[in-house]
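First the structure, in the form of structure tokens, and then the observations on it.
Values quoted throughout were computed directly from the atomic coordinates according to the rules given, and no laboratory measurement underlies them. The model shown is predicted, which means the values in this text are computed figures rather than measured ones. Every residue, glycine as well, gets a Cβ built from its backbone with ideal geometry; the counts of neighbours run over all protein chains shown.
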Amino acid sequence: MYRARFLKTFLKQEKKLNAEVKGRVIEAVGEILSDPYSGVNLKGDLKGYWSRREGKH
């Protein structure tokens with residue numbers, strides 16, 4: 001399993017989230033740590049990075 005490291009800016013913003021959104025973020029981070037390649041493989045200049053969407057779009 002992988003470990004997560006968060007920037008100070010993320011931790012500061014995370015404190016401001018309501019409980020529902022915070023729960024979704026925690027769940028998404030857990031899923032990403034379990035399978036970091038579950039998103040969409042990006043192309044072009046962003047090759048080697050992955051994208052993932054959460055929530056309603």
Quiz item: Summing -39500 (n - 2.57) over the DSSP H runs of n ≥ 4 in the chain and dividing by its residue number, what mean residue ellipticity at 222 nm do you reach, to the nearest 500 deg cm²/dmol?
Solution: -12500 deg cm²/dmol
Quiz prompt | Square roots of five times the Cα gyration tensor eigenvalues for the chain, Å | solution = 22, 14, 13
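Check each of the trypsin sites (Lys or Arg not before Pro) in the chain and keep only those in coil by DSSP with at most 10 other C-beta atoms within 10 angstrom; list them in order.
Values: sites: Arg3, Arg5, Lys8, Lys12, Lys15, Lys16, Lys22, Arg24, Lys43, Lys47, Arg52, Arg53, Lys56; in loops: Arg3, Arg5, Lys15, Lys16, Lys43, Lys47, Arg52, Arg53, Lys56.
Here the sparse-neighbourhood loop sites are Arg3, Arg5, Lys15, Lys16, Lys43, Lys47, Arg53, Lys56.
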Quiz prompt | ³J(HN,Hα), Karplus 6.51/-1.76/1.60, whole Hz, each residue of region 21-38, x for Gly, Pro | solution = 5, 4, x, 5, 5, 4, 5, 5, 4, x, 5, 5, 5, 6, 8, x, 9, 7
